[in-house]
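Structure record follows, encoded as structure tokens.
The values are calculated or read from the model by the stated rules, or taken from the named source; none is laboratory data. Computed from a predicted model, the values in this text were never measured in an experiment. Please note: Cβ atoms are built from the backbone with ideal geometry, for glycine as well, and neighbour counts cover all protein chains shown.
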Amino acid sequence: MLKKTPLYQAHKDMGAKLVDFGGWEMPLHYGSQIEEHHKVRRNCGMFDVSHMQVLDFKGKDVRSYLRHLVANNVDKLQTSGKALYSAMLNPDGGVVDDLIIYYMDESWFRIVVNAGTAEKDLAWMQSRLDGFSAEITPRTDLAMIAVQGPNGRAKVWQAIPGSEAATQGLKAFYAAEFGPYFIARTGYTGEDGFEIMLPSEMAEGLWRGLHEAGVAPIGLGARDTLRLEAGMNLYGQDMDETVNPLEAGLAWTVDLQSERDFVGKAALLSKPVKFQLAGLLLLDRGVLRGHQKVSTPHGEGEITSGSFSPTLGQSIALARIPKEAAAGDEVQVFVRDKLLRAKLVKYPFARNGKPLI
């Protein structure tokens, strides 16, 4: 039996094509995936992300615990509402999951993890709790709606009266509480906007209120092309427990400079980096897809995520390739028994409504 979010009926009413996504019945699109993609880049759209798991960490040792648990340094979190993106690693340095940590006060941190890894993540986190005075509470009572695009914040203010005063000055990667709403200026599209956590029973009302304000519902298909254009990793494709974050484009999230120890640090320090995550722009006709092999002047690699880019009008990809390869190099991709030409580029490919390549 597939799990359903509190917005399931609203998706059906709005004509969504529903699919199995990690055990959840979720909207793939509401008609045209490409049109939905453009709406987010040019105006705004809303996503049901209620399948993702919100976890509240409370107790006097939460900061000490998180200093040990994640690769990024939670000591960067000193202001209430500040958010931090990080990977959580296993002892071999592989990525257990990527997540966002919100600091509210010294005894309350909130973490959002991926839907498909939620049970595994929670078990892993609980297994590392010994010796720390902290408790983890899965917030199964909350839903989450993301509103993304250049007009997204204004539409949220329209749909939630009074929220503008509370969030107008909110910087990127900060969150604020407003009544029953936890509103974060974060997202997974490369556009401005909010991710809103709220009681599940209020979710459908906000969803329909946003729709009445002119916000289009957006499915998983456009969410994937938007995040790929923005150069954002997808767990299970661009990294997993077998992949070193330093070879997954996540070196900027790994704190190896401080004396702080964390799970996986010793393994990262002992392994030489052999690969990098790079952008690919297809020069020939075709479509780049995950697992296609890439031939570079410095050895073989593989595409981790690939698709047609609606913003660029070309096929793009993220690929794990030898670290010696450089932007501008021409490579070859094996597509259906053919060798197609592609160029290595620095990602992101598009953000804030504009192509960057």
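Would you mind stating whether G214 is surrounded by 22 or more Cβ atoms within 10 Å (Cβ to Cβ) and among the small types (G, A, S)? Don't jump to the end; show me each part of the working.
Details: surrounded by 22 or more Cβ atoms within 10 Å (Cβ to Cβ): no; among the small types (G, A, S): yes.
Against the criterion (surrounded by 22 or more Cβ atoms within 10 Å (Cβ to Cβ) and among the small types (G, A, S)), G214 does not qualify.
Among residues belonging to the stretch 134-190 that are touching a Pro at 6+ places or on another chain (Cβ under 7 Å) and of a type outside the set (D, E, K, R), point out the one that is nearest to S50 (Cα to Cα). Talk me through it step by step, then tell me what you get.
Keep residues of the stretch 134-190 that are touching a Pro at 6+ places or on another chain (Cβ under 7 Å), which gives 141-143, 180, 190.
Filter again for of a type outside the set (D, E, K, R), leaving 142-143, 180, 190.
Values: L142: 8, A143: 5, P180: 16, G190: 20 Å.
Among residues in the stretch 134-190 that are touching a Pro at 6+ places or on another chain (Cβ under 7 Å) and of a type outside the set (D, E, K, R), the one nearest to S50 (Cα to Cα) is A143.
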Next item on the list: Go through (1) assigned to a helix (DSSP H, G or I); (2) aliphatic (A, V, I, L, M); (3) buried (at least 20 other Cβ atoms within 10 Å of the Cβ) one by one and return the number of the condition M46 breaks.
Entry: (1)
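Give the stretch 322-339 a look and list any residue that's touching a Leu at 6+ places or on another chain (Cβ under 9 Å) and either assigned to a strand (DSSP E or B) or hydrophobic (A, V, I, L, M, F, W, C) (or both), or say none.
Within the stretch 322-339, the subset touching a Leu at 6+ places or on another chain (Cβ under 9 Å) is 325-335.
Correct list: A325, A326, A327, E330, V331, Q332, V333, F334, V335.
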Check: Got a number for residues in the stretch 98-153 being touching a Lys or Arg at 6+ places or on another chain (Cβ under 9 Å), of a type in the set (K, R) and in a loop (DSSP other than H, G, I, E, B)?
Finding: 1
Checklist line | Selection within the stretch 306-357 - of a type in the set (D, E, K, R) and closer than 16 Å to L288 by Cα | finding: R320, E330, R336, D337, K338, R341, K343
Margin query: Just to check your reading of the model, which residue among D48, D13 is in the same structural domain as G149 (by TED's automatic domain parsing) and in contact (Cβ under 8 Å) with a residue 60 or more places away in the chain?
Written below: D48
Next item on the list: Being touching a Phe, Trp or Tyr at 6+ places or on another chain (Cβ under 6 Å) and not in a loop (DSSP other than H, G, I, E, B) is the filter here, so list the residues in the stretch 228-252 that pass it.
Entry: E229, E247
Notebook entry, point to check: Which residue out of F173, F132, F109 is out of contact with any strand residue (DSSP E or B) (no Cβ under 9 Å at 6 or more places or on another chain) and in contact (Cβ under 8 Å) with a residue 12 or more places away in the chain?
Noted result: F132
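Answer yes if at least one residue in the stretch 298-315 is among the aliphatic types (A, V, I, L, M) and farther than 25 Å from G236 by Cβ, and no otherwise.
Taking the stretch 298-315 first, the residues among the aliphatic types (A, V, I, L, M) are 303, 312.
With the extra rule that they be farther than 25 Å from G236 by Cβ, the set shrinks to none.
Within the stretch 298-315 (the criterion being among the aliphatic types (A, V, I, L, M) and farther than 25 Å from G236 by Cβ), the answer is no, since none of the residues qualifies.
Go through the stretch 314-347 and give me each residue that's under 12 Å from G299 (Cα atoms) and of a type in the set (V, I, T).
Within the stretch 314-347, the subset under 12 Å from G299 (Cα atoms) is 320-325, 331-332.
Listed by number, the residues that qualify are I321, V331.
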